[in-house]
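Since the structure comes first, as structure tokens, the remarks are kept for the end.
The values are calculated or read from the model by the stated rules, or taken from the named source; none is laboratory data. Here the structure is a predicted model, which is why all the values come from computation and not from measurement. Virtual Cβ from ideal backbone geometry, glycine too; neighbours counted across all protein chains shown. Heads up: the accessible areas ignore ligands, DNA and RNA and are worked out on the full protein's heavy atoms, side chains in. Shrake-Rupley method; radii C 1.70, N 1.55, O 1.52, S 1.80 Å.
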Amino acid sequence: PDLFEKKTAEIESLIALDTQLDVTTNYLVWTDAGAIYQQHGETYWPKAEALLQKAREAFPKGITPLLNLGYFYLDTGKHPEALNCFEKVVQQAPEAREGYLALARLFEAQEKWEDAREHYETVNRLIPSWERFMGSSIGRCLRHLERWEEAEVALLQSWSQDEYDDSGAMTELYE
């Protein structure tokens with residue numbers, strides 16, 4: 001933390017320089033810088049938010065800056081703001097999985113298990129190759145809804161598709 005504090009002036013100079021190199025992708029510099037500031041604690045969250053907002057303004061038609069801003073809000077407990085961002089992603093790109101996945105994660109954080117499950121189902125329909133991961137997430141939601149038999153089926157199916165259990169289905173089954 002002390003080193004970061006000492007280097008913030010240098011970071012600002014690098015951000016200014018980097019954003020001038022390629023104006024078509026400068027939003028990525030602000031996105032990355034925002035993530036760096038966010039990782040260094042609550043003191044730096046206003047700076048992180050400002051940089052992520054700047055990335056959004058630089059590329060308003062893209063969903064990536066909006067997703068990053070939404071995840072910032074999710075991570076910092078600003079759920080209404082996160083919801084607003086993620087819903088805009090779905091409006092801008094209804095065929096993209098990212099918005100639905102983000103909404104599912106937000107609803108999980110809020111313990112809105114049925115809403116989360118529905119959004120994981122949508123991701124699963126959009127990207128069938130993610131079935132083992134979505135099955136585990138769906139199973140987790142069903143477990144919290146106390147729909148034990150459905151949860152077990154989803155988790156066992158997910159686990160059977162993943163011999164290394166990258167999906168976390170076994171952990172959910174133990175729970």
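Starting from 0.36 nm per residue, how many nanometres of slack lie between residue 24 and residue 43 once their C-alpha separation is accounted for?
Extra length from residue 24 to residue 43 when fully extended: 3.8 nm.
Before rounding to the nearest 500, sum -39500 (n - 2.57) across all DSSP H runs of length at least 4 in the chain and divide by the residue total; then give [θ] at 222 nm in deg cm²/dmol.
Calculated from helices alone, the mean residue ellipticity at 222 nm is -24500 deg cm²/dmol.
Please give every one of the lysines within straight-line cross-link reach of residue 112, meaning a C-alpha to C-alpha distance under 19 Å, and leave out same-chain neighbours fewer than 8 residues apart.
78
For percent of Cα pairs over 20 Å apart, the choices are (i) 59; (ii) 68; (iii) 56; which was calculated from the structure?
Recomputing percent of Cα pairs over 20 Å apart here gives the entry labelled (i).
Under the classification rounded if a/c is under 1.5, otherwise prolate if a/b is larger than b/c and oblate if not, where does the range 22-111 fall, given a ≥ b ≥ c as square roots of the Cα gyration tensor eigenvalues?
Cα axes put the range 22-111 in the oblate bin.
Skip the ligands, DNA and RNA, and give the accessible area per residue of the range 28-175 with a 1.4 Å probe, whole Å².
The answer is 54 Å² per residue.
Once you have all Cα-Cα distances for the range 31-79, histogram them in 10 Å bins from zero and send the whole-percent values.
32, 57, 11, 0
At residue 148 and residue 36, where each label point lies 7 Å from the Cα along Cα→Cβ, what is the point-to-point distance in nanometres?
Distance between the two pseudo-spin positions: 5.2 nm.
Cross-link partners among aspartates and glutamates for residue 47, C-alpha distance below 14 Å, same-chain residues fewer than 8 apart left out?
Result set, ordered by chain and number: 5, 12, 32.
Please work out the Cα center distance from the range 1-50 to the range 62-83, rounded to the nearest Å.
The range 1-50 and the range 62-83 have Cα centres separated by 17 Å.
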